[in-house]
1. Name the residue, out of 396, 332, that is outside any loop (DSSP other than H, G, I, E, B), more than 19 Å from the chain's Cα centre (by Cα) and within 22 Å of residue 203 (Cβ to Cβ).
2. Before we move on, is residue 108 in contact with a Ser or Thr (Cβ under 9 Å, 6 or more places away or on another chain) and not aliphatic (A, V, I, L, M)?
3. Being touching a helix residue (DSSP H, G or I) at 6+ places or on another chain (Cβ under 6 Å) and under 18 Å from residue 248 (Cα atoms) is the filter here; which residues of the range 91-109 pass it?
4. May I ask you to list the residues in the range 1-56 that are among the basic types (Lys, Arg) and out of contact with any strand residue (DSSP E or B) (no Cβ under 9 Å at 6 or more places or on another chain)?
5. Please verify whether residue 75 is among the β-branched types (Val, Ile, Thr), touching a residue at least 60 places away in the same chain (Cβ under 8 Å), under 30 Å from residue 223 (Cβ atoms) and in the same structural domain as residue 223 (by TED's automatic domain parsing), treating the condition exactly as stated.
6. Considering only residues that are farther than 23 Å from residue 368 by Cβ and surrounded by 10 or more Cβ atoms within 10 Å (Cβ to Cβ), which ones fall in the range 6-19?
7. Filtering the range 257-281 down to residues that are outside any loop (DSSP other than H, G, I, E, B) and charged (D, E, K, R), which residue is surrounded by the fewest Cβ atoms within 10 Å (Cβ to Cβ)?
8. Out of (1) touching a strand residue (DSSP E or B) at 6+ places or on another chain (Cβ under 7 Å); (2) within 26 Å of residue 122 (Cα to Cα), what's the single condition that is false for residue 200?
Amino acid sequence: MTTAKECIDLENRYGAQNYKPLDVVLSKGSGIWVEDVEGKKYMDFLAAYSAVNQGHCHPRLVKVMTAQAARLALTSRAFRNDQLPLLAKDLCELTGCEMMLPMNTGAEAVETAIKAARKWGYVKKGVEDDKAEIIVCEGNFHGRTVTIISFSSEAQYKHGYGPLTPGFVTIPYGSVRALQKAINKNTVAFLVEPIQGENGVNIPPEGFLQQAAAICKQNNVLLMVDEIQSGLGRTGSLFAYEHENIKPDVIILGKALSGGMYPISAVVSSREILGVFKPGDHGSTYGGNPLACAIAREAIKIITEEKLIENSAKLGRYLLEKLHEIKSPYVDHYRGQGLWIGIVLKKGAGGARRFCVALQQRGLLAKETRENIIRLAPPLIITKDEIDQALVIIKDVLTS
């Protein structure tokens, strides 16, 4: 196939229509740049929903992936492999936790955390069987499984998929008072995104996470942070929860954990919490496979050794400052943390989709979220010159 139209027609004919992508067909990627099947280059300002923090096809990841694939890719958990214990050690040292449980996707890791919290509630806290409750927030996005969509605020995510999973209580995002009020004897955990990504880079009020952590501790409730998008440097800190200097009970990781090279996710926590799992309680054929673990170990090293966290903090501030200088009749406000920014459009702007199409036509790829928000999340290896180049395109679209 040589043309975008041929690819799109084929996908529309044979592929399920559960996505509405921009009509750009990509075939190559390097750093922050991608190229379509017809040779046109674009700046990637989505980074595969923050999975490609290290940039497309990072040479170090390609090298490690190729070498490990030639040695051993999969053993299942019926046997041990030499890469899983090394990744477990790396992640525990990175997070200050005691145990790690590897999975493949972010949704699987969230499901794992939910199962761990419920079992911890029954085994350790003494909650009555089948009564455990987990508190979640409005506007959340934690994945697409039946259990996870059961506590989504988006009606479309739930429509047609019932019966839904019970055991979840929803509160307004950022409301300390609502959290305190929702806790009862059956509450086992509070599951929260330190910054909501799919809700348009929505940042809670300052001090919310600190107060939430204190409330959870006072009530013997687990604080579980979903850092699948916000973690590993995206917000200018290793983890977004670090901006409020707290220590969660459970940390959920994914996406950039492999630099976009291979699916891997993880739940890291204490021995008391993850220790509730016994052989046969939970598992995954591919979870903890040596190929994924080898890639993840290198992906973590790249983030720290190449100072991507510092770059995200510095250039994120710069990008947000420059965006605020753009006076657009369509923009309500800009918000963000690190290299994770939401451009919130006015209701009369006609929706964010048309702006993303206009950006694409000028050589920059971004994606709309929540109808009226353009999300900017370039790979963390981006340079100031590349940001300046992107700002020219963004200003042109927002003011034309």
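The values are calculated or read from the model by the stated rules, or taken from the named source; none is laboratory data. Only a predicted model underlies this, so the values are computations on that prediction, with no experimental measurement involved. Here the Cβ is made from the backbone with ideal geometry for all residues, glycine too, and neighbour counts use every protein chain on show.
1. Working: 396 fails: within 22 Å of residue 203 (Cβ to Cβ).
Unique residue meeting the criteria: 332.
2. Working: in contact with a Ser or Thr (Cβ under 9 Å, 6 or more places away or on another chain): yes; not aliphatic (A, V, I, L, M): yes.
Judged against the criteria, residue 108 is a match.
3. Matches in the range 91-109: 98, 99, 100, 101.
4. First, the residues of the range 1-56 that are among the basic types (Lys, Arg): 5, 13, 20, 28, 40-41.
Answer for the range 1-56, where residues must be among the basic types (Lys, Arg) and out of contact with any strand residue (DSSP E or B) (no Cβ under 9 Å at 6 or more places or on another chain): 5, 13, 20, 40.
5. Values: among the β-branched types (Val, Ile, Thr): yes; touching a residue at least 60 places away in the same chain (Cβ under 8 Å): yes; under 30 Å from residue 223 (Cβ atoms): no; in the same structural domain as residue 223 (by TED's automatic domain parsing): yes.
Against the criterion (among the β-branched types (Val, Ile, Thr), touching a residue at least 60 places away in the same chain (Cβ under 8 Å), under 30 Å from residue 223 (Cβ atoms) and in the same structural domain as residue 223 (by TED's automatic domain parsing)), residue 75 does not qualify.
6. The initial filter retains those residues of the range 6-19 that are farther than 23 Å from residue 368 by Cβ, namely 6, 9-10, 13-14.
Listed by number, the residues that qualify are 6, 9, 10.
7. Kept after step one, since they are outside any loop (DSSP other than H, G, I, E, B), are these residues of the range 257-281: 257-258, 265-269, 271-274.
Keeping just the survivors that are charged (D, E, K, R) gives 271-272.
Details: 271: 10, 272: 14.
For the range 257-281, the residue satisfying everything is 271.
8. (2)
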